[in-house]
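Read through the structure below, which is laid out as structure tokens, and then see the notes.
The values are calculated or read from the model by the stated rules, or taken from the named source; none is laboratory data. Quantities reported herein were computed from a predicted structural model and do not represent experimental measurements. Cβ sites come from the backbone with ideal geometry, for glycine too, and all protein chains shown count toward neighbours.
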């Protein structure tokens, strides 16, 4: 999940109050005008007196963030890696189920000693791929393999109407899980984290 701040933004000759959001991959503003700045597309960044100034393909925007400006600049300059966002540690017990992503598997091989391609008892993290609503039914079947304080990440497509975030959340809750985080997995996929509620551990 990103950070949100009510602030004023100057963009070219325009100025507006609104909501700024620092997401995993982009900096957004919603006010009298809207801005969406991919973090990788920022060509210059500066902080001064509580103002965060960014240059990108569409021009220059200044976010009047006050005390948050320095922290947002640091996050933009040093973004977390995908595995850090997903909570994968070198000693994590990981299972990757029906998730076809060669780049993700390469990252895992560099981070953990090994990972399973099927659910294993006492898994810390289970990454479950879901390309359709029908695939979401498998959430319930993998819960039994999770450590009490472990997490299931359901990795689903972005921007498709046949399998939306609401479908993923509904399926996780139907399996008795609590949704605790959403993260951008890739350009085309979003990861939804589910945890066993404290009262059921």
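See the values below:
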{"quantity": "Lone qualifier among 184, 141, 123, 114 - being in contact with a strand residue (DSSP E or B) (Cβ under 7 Å, 6 or more places away or on another chain) and either closer than 30 Å to residue 27 by Cα or exposed (fewer than 13 other Cβ atoms within 10 Å of the Cβ) (or both)", "calculated": "184"}
{"quantity": "Filter result for the condition that a residue is in the same structural domain as residue 163 (by TED's automatic domain parsing) and in contact with a helix residue (DSSP H, G or I) (Cβ under 7 Å, 6 or more places away or on another chain), over 86, 39, 107", "calculated": "107"}
{"quantity": "Unique match (being surrounded by 14 or more Cβ atoms within 10 Å (Cβ to Cβ) and either modelled with pLDDT of 95 or more or not in a strand (DSSP E or B) (or both)) among 27, 21, 99", "calculated": "99"}
{"quantity": "Residue within the stretch 4-11 that is surrounded by 13 or more Cβ atoms within 10 Å (Cβ to Cβ), more than 26 Å from residue 190 (Cα to Cα) and within 25 Å of the chain's Cα centre (by Cα) present", "calculated": "yes"}
{"quantity": "Any hit, the stretch 47-56, residues being assigned to a loop (DSSP other than H, G, I, E, B), in contact with a helix residue (DSSP H, G or I) (Cβ under 9 Å, 6 or more places away or on another chain), surrounded by fewer than 17 Cβ atoms within 10 Å (Cβ to Cβ) and touching a residue at least 24 places away in the same chain (Cβ under 8 Å)", "calculated": "no"}
